[in-house]
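The values are calculated or read from the model by the stated rules, or taken from the named source; none is laboratory data. If you're wondering where the values come from, they're calculated on a predicted model, not measured in any experiment. Using ideal geometry, Cβ is built from the backbone for each residue, glycine included, and neighbour counts are taken over all protein chains shown. We work out accessible area using only protein heavy atoms, side chains counted, and drop any ligands, DNA or RNA first. Shrake-Rupley method; radii C 1.70, N 1.55, O 1.52, S 1.80 Å.
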Amino acid sequence: MKLQLCPLILCLTLLGVQPPALAQTRPSESSHEQIKTGIEQFLYQRQPGDFIQQQIEVGKIDPRLKLAACEQREFFLPPGSREWGKLTVGVRCISPKPWTIYVATTVRVFGDYISTAKALTAGQVISETDLRIIKGELSSLAPGLITHIKQAVGKTLLTSQAAGVSL
């Protein structure tokens, strides 16, 4: 049987026709796993390198969602999005058949931040002895967090701060 198919396959190949078993097929759908991996890479590249650790957890993409195969994919954060915490990442196919989806994602970032070593009063000028370095999850704290002591030393407090409060 194999020998009988060889001349047929050779003839079809010379005519430019490829049997289905030999045809180079491109996937007709975009893989959800490839999209999730792309989101992780996109977010890792956006994070500064001075953190102790980063954890990126990409949400589940509805398995019923069938996306056309994509040759040129673009990842983006919607305007006004934060870089960490709970966020949404956009994935856009530019060609050949455009589509866009949004995927819920959580980015947890761990590193050093500055907190008060003792209670401080409003109007007080901050010195190094008033502060301490804490290791913890930065993504769960307020934006604008101070991560280096030099950023706070010499500044004047507008409000009183209890001991152990992040600045």
Within the set of pairs 6 or more residues apart or between chains, which connect a residue that is closer than 14 Å to Gly38 by Cα inside the range 84-97 to a residue that is polar (S, T, N, Q) and open to solvent by 60 Å² or more (accessible area, probe 1.4 Å) with Cβ atoms less than 8 Å apart? Gly90/Thr100; Val91/Thr100; Arg92/Thr100; Cys93/Gln72; Cys93/Thr100
Exclusive hit being at pLDDT below 90, among the small types (Gly, Ala, Ser) and open to solvent by less than 40 Å² (accessible area, probe 1.4 Å), set Gly59, Gly90, Gly85: Gly85
Verdict on Lys36 being part of a loop (DSSP other than H, G, I, E, B) and out of contact with any Ser or Thr (no Cβ under 7 Å at 6 or more places or on another chain): no
Name the residues in the range 97-129 that are more than 16 Å from Pro78 (Cβ to Cβ), in contact with a helix residue (DSSP H, G or I) (Cβ under 7 Å, 6 or more places away or on another chain) and of a type in the set (Val, Ile, Thr), would you? Val109, Ile114, Thr116
Hey, Thr159 in a helix (DSSP H, G or I) and either within 30 Å of Ser30 (Cβ to Cβ) or open to solvent by 40 Å² or more (accessible area, probe 1.4 Å) (or both) or not: no
Take the residues of the range 144-156 that are touching a strand residue (DSSP E or B) at 6+ places or on another chain (Cβ under 9 Å) and part of a loop (DSSP other than H, G, I, E, B): which is least open to solvent (accessible area, probe 1.4 Å)? Ala152
Quick one: which residue in Ile134, Ile114 is more than 30 Å from His32 (Cα to Cα) and buried (at least 16 other Cβ atoms within 10 Å of the Cβ)? Ile114
If you scan the range 55-74, which residues turn out to be under 21 Å from Val107 (Cα atoms), in a loop (DSSP other than H, G, I, E, B) and in contact (Cβ under 8 Å) with a residue 24 or more places away in the chain? Gly59, Ile61
Would you check if there is a residue in the range 134-141 being in contact with a Ser or Thr (Cβ under 6 Å, 6 or more places away or on another chain), closer than 22 Å to Arg82 by Cβ and not in a loop (DSSP other than H, G, I, E, B)? yes
